[in-house]
Amino acid sequence: ALTDIDSAQLIVEMVTDYIVHMSRRLVRAGLEMCWLTDDYGTERALMMSPETWRKLFKPALAEIFSVWKDAGRLIGLHSCGAVGAIVGDLVEIGLDVLHPVQASCNDAAALKARWGDRLSFWGGVSSRVLLQGAPADVQRETLRALKALGPDGGYVCGQDQTMPYPEANIAALAE
């Protein structure tokens with residue numbers, strides 16, 4: 001359990017200061033999109049309460065996002081796990097693309113229904129099926145993800161994790 005919230009806050013602030021500094025340089029250099037990576041979720045829930053996440057990470061992300069949004073650029077965020085409890089917060093501070101929409105722990109159709117008009121999704125095809133299933137299973141899983149996340153656009157179809165998948169299954173996903 002996190003017991004020293006003040007120390008955690010200090011670390012988050014130091015990292016944020018660095019990322020904001022680098023973001024300003026990258027915007028000046030002409031980059032068109034910011035891609036941040038972190039993992040806030042587990043297979044079952046956030047790694048902390050939504051309230052703790054909002055205290056520690058939301059202000060930091062809002063500061064970073066503002067550098068990019070003020071320059072008219074896009075923001076993408078990778079976070080594995082069940083992050084549904086904070087998607088609204090992420091949209092509120094300017095997130096454009098959520099990756100990977102981990103199939104085993106997020107209700108993709110519910111995310112699309114609630115946030116699809118303001119957020120694009122990337123991923124959604126179960127890595128478990130890609131690793132363990134036959135090509136026909138992968139095709140069914142891909143169609144499931146396309147049906148859940150694809151209507152009205154705003155979706156990049158792909159696996160929800162990066163792993164060394166069987167070539168036949170990657171071909172089935174692409175097909």
Can you run down the residue pairs with Cβ atoms below 7 Å, 6 or more apart or on separate chains, where the first is in the stretch 123-151 and within 12 Å of Tyr165 (Cα to Cα) and the partner is of a type outside the set (Asp, Glu) and assigned to a loop (DSSP other than H, G, I, E, B)? Ser126/Ala103; Ser126/Ser104; Ser127/Gln161; Ser127/Met163; Arg128/Ser104; Leu130/Tyr165; Leu131/Met163; Leu131/Tyr165
Is there any pair with a first residue in the stretch 32-51 that is among the basic types (Lys, Arg) and a second that is open to solvent by less than 50 Å² (accessible area, probe 1.4 Å) whose Cβ atoms are under 8 Å apart and which are 6 or more apart or on different chains, and what are they? Arg44/Ala82; Arg44/Cys105
Within the stretch 150-163, track down each residue that is farther than 10 Å from Leu130 by Cβ and either part of a loop (DSSP other than H, G, I, E, B) or of a type in the set (Val, Ile, Thr) (or both). Gly150, Pro151, Asp152, Gly153, Gly154, Val156, Thr162
May I ask you to list the residues in the stretch 119-155 that are open to solvent by 70 Å² or more (accessible area, probe 1.4 Å) and either in contact with a strand residue (DSSP E or B) (Cβ under 7 Å, 6 or more places away or on another chain) or aliphatic (A, V, I, L, M) (or both)? Trp122, Leu131, Leu143, Leu146
Could you tell me which numbered condition Arg114 fails, if it satisfies all but one of (1) touching a strand residue (DSSP E or B) at 6+ places or on another chain (Cβ under 8 Å); (2) within 27 Å of Arg54 (Cβ to Cβ); (3) of a type outside the set (S, T, N, Q); (4) not in a loop (DSSP other than H, G, I, E, B)? (1)
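The values are calculated or read from the model by the stated rules, or taken from the named source; none is laboratory data. Predicted model, so just to flag it, every value in this text is computed and none were measured. Reconstructed Cβ throughout: ideal geometry from the backbone, glycine too, with neighbour counts over all protein chains shown. Quick note on the areas: whole protein, heavy atoms, side chains included, nothing else; ligands and nucleic acids left out. Shrake-Rupley method; radii C 1.70, N 1.55, O 1.52, S 1.80 Å.
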